[in-house]
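A quick write-up on the structure given underneath.
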Amino acid sequence: MEQVLGKSTLADNIRKEFENNITIISHDYYYKDHPDLTFDERKKLNYDHPDAFETDLLLNHLKHLKNGEIIFRPSYSFVEHKRETKTVEVVPKKVILVDGILIFENKALRDMMDIKIYVDTDADIRFIRRLLRDVQDRGRTLDSVIEQYCTTVKPMHEQFVEPSKKYADIIVPEGGYNNVALNMIIEKIRSII
């Protein structure tokens, strides 16, 4: 099957261009921890709602990075649905790229961004990506991925992600395949730094 490229590929291509001048922070690192819940209870949580994230911690970390300060971001296990005990040191760079599907939903987060890029992808492609990733990398079953998609992923996309597209400065169709958009974004970042 042909590899399906999207926002992570676009982010990776931007990272390659700026190599030593870029830090990428994923909103997914900031999923809330639920140590009081069992694994079966954690599996049932809605991970596609803005409340699933500790966005205030992300905002705090971004402020520190913008001030030239090192942070220690959380690590998250998507297999266990919980935060890991280890943290990852993140050194501030000239460019901070924040990756995530719900990052435009939060006004304070949007207000920190110089450029807001929305990667627009067909629903079928989004589902295929999630299905492949969750089964191959996260040990999920086909049935569990389909159930999660129907009960939380699709409704949350329609409620939060799709409407947040209006806040984007740039909307990129086809993500990693769109070289014209990639080159425009790279030039815009160069003009800022």
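The values are calculated or read from the model by the stated rules, or taken from the named source; none is laboratory data. Note that this is a predicted model, so its numbers are computed, not measured. Here the Cβ is made from the backbone with ideal geometry for all residues, glycine too, and neighbour counts use every protein chain on show. The accessibility values were calculated without ligands, DNA or RNA, using every heavy atom of the protein model including side chains. Shrake-Rupley method; radii C 1.70, N 1.55, O 1.52, S 1.80 Å.
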Cα-based shape type of segment 52-120, given that a ≥ b ≥ c are square roots of the gyration tensor eigenvalues and the cut on a/c is 1.5: oblate
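With +1 on the Cβ of every Lys and Arg and -1 on the Cβ of every Asp and Glu, and nothing else charged, how large is the dipole of segment 77-155 about its Cα centre, in debye rounded to the nearest 20?
Details: 15 positive and 14 negative charges, 44 e Å.
Charge dipole, segment 77-155, about its Cα centre: 220 debye, nearest 20.
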Ranked by how many other beta carbons lie within 10 Å on average, peptides 135-143, 117-125 from highest: 117-125, 135-143
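Over the chain, with every protein chain in place, what whole percent of the accessible area is carbon and sulfur at 1.4 Å, could you tell me?
Working: 5560 of 11080 Å².
Percent of accessible area from carbon and sulfur atoms in the chain: 50.
Just the number please: accessible area per residue for the chain, 1.4 Å probe, all protein chains included, in Å².
Working: 11080 Å² over 193 residues.
Accessible area per residue, the chain: 57 Å².
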Positive-end residue, segment 123-193 charge dipole about Cα centroid, Cβ charges, pick of Cys150, Pro163, Asn179: Asn179
Which of rounded, prolate, oblate describes segment 3-75, given a ≥ b ≥ c as roots of the alpha-carbon gyration tensor eigenvalues and a/c under 1.5 marking rounded, otherwise prolate only if a/b is larger than b/c? oblate
Of Arg126, Arg110, which has the most accessible area with a 1.4 Å probe, and how do the rest follow in descending order? Arg126, Arg110
